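Structure first, commentary second.
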Amino acid sequence: GIHPAHWHEDILKFAPDLVGLSLTMVANADAQAFGAMLRQSLPNTPIVGGGPLATHLGEALLRTPGWDFFDGLVRGEGEAPILMLADALKHGHELSTVGSLVYRSDDRVIANPVTLGVGNLDLLPPPARDQFLESGNALPYLRISTSRGCTSHCTFCNAPHVRNRVGSATKPWRGASPGKIVD
């Protein structure tokens, strides 16, 4: 099966210029351990977090003990900001130009304004399914994303604290076309 040590070895072999980790509440302990292992092995490679936990906590996460392996976070939808970050790192541009980025600068944590997400979900590339294929189709489930955003304010959800608009496009809810979903 697929194991984090296997991922660690693959990442080291790949020798990335940038590493991104998606953070959810369910896997935050695993992400901390994995991130610390990566930082030790790749001391000069920028490591950036994203996902629901990074969006919800933002600057506070970079100030929390145990998360010091991160150089930055992307809040909200990350497709455009992570490309902007890669471009800024490659060309030596100021990180202040990267929307939705929270980053460390000397002893400070700086939060850039959150940028709008993708309005047309059909423009996004299909998800990577390499882990599913490598596992011999043994993963217990695969996620499929059919929409983003929400128009409600449910009490059990963590999104209403930001009125469901952190990094969302011009409308809070957007759906992919049926053809894109089936593909």
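Looking only at residues in region 41-57 that are outside any helix (DSSP H, G or I) and either surrounded by 13 or more Cβ atoms within 10 Å (Cβ to Cβ) or touching a residue at least 40 places away in the same chain (Cβ under 8 Å) (or both), the one that is nearest to the chain's Cα centre (by Cα) is 50. For region 74-89, what are the residues that are in contact with a Ser or Thr (Cβ under 8 Å, 6 or more places away or on another chain) and either polar (S, T, N, Q) or not in a loop (DSSP other than H, G, I, E, B) (or both)? If the condition is that a residue be in contact with a Ser or Thr (Cβ under 8 Å, 6 or more places away or on another chain) and either polar (S, T, N, Q) or not in a loop (DSSP other than H, G, I, E, B) (or both), then 74, 80, 81, 84, 88 are the ones that fit.
Of everything listed in (1) surrounded by 13 or more Cβ atoms within 10 Å (Cβ to Cβ); (2) farther than 30 Å from residue 149 by Cα; (3) hydroxyl-bearing (Ser, Thr, Tyr), the single unmet condition for residue 103 is (2). Residues that are under 20 Å from residue 89 (Cα atoms) and out of contact with any strand residue (DSSP E or B) (no Cβ under 8 Å at 6 or more places or on another chain) were ranked within region 11-40; the one that is most open to solvent (accessible area, probe 1.4 Å) is 14. Contact map, region 58-82: residues that are on the phi > 0 side of the Ramachandran plot paired with residues that are surrounded by 15 or more Cβ atoms within 10 Å (Cβ to Cβ) and part of a helix (DSSP H, G or I), Cβ distance under 7 Å, separation 6+ or inter-chain. Pairs shown: 66/32; 76/55. Do the conditions hold for residue 78, that is, is it closer than 26 Å to residue 147 by Cα and open to solvent by 20 Å² or more (accessible area, probe 1.4 Å)? Answer is yes for this residue.
Sort out which residues of region 112-128 are within 17 Å of the chain's Cα centre (by Cα) and open to solvent by 40 Å² or more (accessible area, probe 1.4 Å), and write them in order of number. If the condition is that a residue be within 17 Å of the chain's Cα centre (by Cα) and open to solvent by 40 Å² or more (accessible area, probe 1.4 Å), then 113, 114, 115, 116, 125, 126, 127, 128 are the ones that fit.
The values are calculated or read from the model by the stated rules, or taken from the named source; none is laboratory data. The model shown is predicted, which means the values in this text are computed figures rather than measured ones. Please note: Cβ atoms are built from the backbone with ideal geometry, for glycine as well, and neighbour counts cover all protein chains shown. Just the protein is used for accessible areas: all its heavy atoms, side chains included, with ligands, DNA and RNA removed. Shrake-Rupley method; radii C 1.70, N 1.55, O 1.52, S 1.80 Å.
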